[in-house]
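Okay, so here's the structure we're looking at.
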Amino acid sequence: MKKEAMSTSFNLEKLVRPNIQALKPYHSARQDFSEGLLLDANENSYGDPIRSSQELHRYPSPTHPRLRKRIAQWRRVRPENVFIGVGSDEGIDLLYRIFCTPGQDRILTTPPTYGMYRVSANIHDIAIDEVLLTKDHFQPQVDQILKAVTDHTKILLLCSPNNPTGNTFERDRMRELIESFPGIVVVDEAYIDFSDEESWASEVNTYPNLVVLQTLSKSFGLAGIRLGITFASDAIIDYMMKVKAPYNVNKLTAQRALEAFDKMDRIASNIAKIKKQRSTLRQQLEQIAIVRHIYPSEANFLLVRVDHARKIYQKLADRGIIVRYRGNEPHCDDTLRITVGTPEENERLISALKQLTE
Ligand SMILES: *Cc1c(COP(=O)(O)O)cnc(C)c1O
């Protein structure tokens, strides 16, 4: 299907659950007034006990306009294209709640991929259809995916760079899926800043069915503040705003996120260091006898096939070195997923692996 055909034939309301279309959202006090004599929200007028300068006795903004504007400028979209939530996981959860009727609708995933797509679907009683990535290059099988679509398939989840394999999906394959899939296509870009690929975020105004997930958990180094970002059309973002908890993002998180956007130099420099260490770590791993294969990675981790992966995983853990065993995932027999560390951390890992295999 051509891009133009897609945008004209796409009908968002046909995909949204009827109860969500009819939803009258909770109207929070801080939506109307945030200044004046505030006796409207049953906050504690005597202040917060730690005397924070952030007025923590007051509810946060339900919409965080400053932060969303900052994010929009950064990714060259409009603030109306930006939703912020408690990690990407909230974005996934909300999309399921908006589009998928429990016990009836289905999502499509492409294993091996991020486990939360499945867990969240299980929580909501949404059925999952799976079309495996290709065995050797971990690419989505476009024809098979489109063949697997049913009348109840609402969402396709693509993760690029993919966790746990580390590779990006070919842009042409993704474009074909976005243009031909009859539902919502979610592109999870948690690792995009470690990649040479361009983000799809700026295309959400071209493709009305495209949703892009990003997060401050990885490249920004802020997993602890729990801030996830969803980019989509104004209409989809409106639905997310309607369905979210009224005050999902707290003041402390929003404040820290804004501070981080003033530290883009440091973020860029850490990304560069991680990319450099990624290639150093690869070279070091290649020297180790039990290492069978190291997959290409555009993320901050390497997927590595080793002899007796399960045993190696355990022996590393016994030495206090924790990696992720991924050998239970399809096409991933005997693999470990190893996060790129600092030079010191990587050397500790390498010397432990050498000791284990002597
Ligand atoms: C780490 C990761 C996330 C991040 O989730 P948050 O809830 O934002 O911390 C999202 N998607 C993938 C594929 C990930 O690996």
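What aspartates and glutamates does LYS354 reach when the alpha-carbon gap must be under 17 Å and sequence neighbours fewer than 8 apart in one chain are set aside?
By straight Cα distance, LYS354 reaches GLU286, ASP307, ASP318, GLU344, GLU345.
Could you name the aspartates and glutamates in cross-link range of LYS311, using Cα to Cα under 17 Å and dropping any fewer than eight places away on the same chain?
GLU329, ASP333, ASP334, GLU358
Once the Cα atoms of helix 234-243 and of the chain are each reduced to a long axis, what angle between those two axes, in degrees from 0 to 90 to the nearest 10, is obtained?
The answer is roughly 80 degrees.
Please turn the phi angles of the stretch 153-169 into ³J(HN,Hα) values with the Karplus equation 6.51 cos²θ - 1.76 cosθ + 1.60 (θ = phi - 60°), one per residue in order, whole Hz, x for glycine and proline.
Karplus values, whole Hz, x for Gly and Pro: 7, 9, 9, 10, 10, 10, 10, 8, x, 8, 9, x, 7, x, 8, 8, 8.
Rounded to two decimals, what is Rg over Rh for the chain when you use alpha-carbon atoms and the Kirkwood radius?
Reported Rg/Rh (Cα atoms, Kirkwood Rh): 1.00.
Say a site is exposed when it is one of the trypsin sites (Lys or Arg not before Pro), sits in a DSSP loop, and has at most 10 other Cβ atoms within 10 Å; what is then the longest site-free stretch of the chain?
Longest site-free region, per DSSP loop and neighbour criteria: 136-358.
Check the straight Cα-Cα distances from LYS69 and name the lysines below 25 Å, setting aside those fewer than 8 residues away within the same chain.
List returned: LYS218, LYS242, LYS244, LYS251, LYS263.
Using the alpha-carbon atoms, what tilt in degrees (0 to 90, nearest 10) does helix 65-75 show relative to the longest principal axis of the chain?
Taking the Cα atoms of the chain, the angle to 65-75 is about 40 degrees.
In whole Hz, what ³J(HN,Hα) sequence does the stretch 102-113 give by Karplus (6.51, -1.76, 1.60; θ = phi - 60°), x for Gly and Pro?
x, x, 9, 8, 9, 10, 10, 10, 10, x, x, 8
For the chain, set up a GNM with springs between Cα atoms under 10 Å and report which of GLU344, GLU13, GLU197 has the largest fluctuation.
Largest GNM mean-square fluctuation: GLU344.
Which residue fluctuates most in the GNM of the chain (Cα springs below 10 Å): SER120, SER297, SER269?
For the chain, modelled as a Gaussian network with Cα springs under 10 Å, the answer is SER269.
Let me check against my output: what whole-number percent is the relative contact order of the chain, with C-alpha pairs under 8 Å and at least 6 apart?
This gives 17 percent for the chain.
Report, for the chain, the % of DSSP beta bridges that are antiparallel, rounded to 5.
Close to 55 percent.
For the stretch 265-357, how big is the tail of P(r) above 17 Å, as a whole percent of Cα pairs?
Cα-Cα pairs in the stretch 265-357 separated by more than 17 Å: 46 percent.
Roughly how many nanometres apart are two label points built 7 Å out from the Cα toward the Cβ at HIS124 and HIS308?
According to this spin-label approximation, the distance is 4.4 nm.
How long is the gain from GLU170 to ARG51 if the chain were fully straight, where each residue apart is worth 0.36 nm and the alpha carbon distance is subtracted?
37.7 nm
So which residue, out of ILE92, ILE50, ILE184, gets the largest mean-square fluctuation from a GNM of the chain using Cα contacts under 10 Å as springs?
ILE50
Could you sort GLU176, GLU286 by their accessible area in this structure, using a 1.4 Å probe and putting the largest first?
GLU286, GLU176
With the full set of protein chains in place, find how many percent of the accessible area of the stretch 265-357 is carbon and sulfur; take the probe as 1.4 Å.
45 percent
If you line up the long axis of helix 343-357 against the longest principal axis of the chain, both from Cα atoms, how many degrees apart are they, to the nearest 10?
Long axis of 343-357 versus the principal axis of the chain: about 40 degrees.
The values are calculated or read from the model by the stated rules, or taken from the named source; none is laboratory data. Worth saying up front: this structure is predicted, and the values here are computed from it rather than measured. Glycine gets a Cβ as well: all are built from the backbone with ideal geometry, and neighbour counts include every protein chain shown. Side chains included, ligands, DNA and RNA excluded: accessible areas come from the protein's heavy atoms. Shrake-Rupley method; radii C 1.70, N 1.55, O 1.52, S 1.80 Å.
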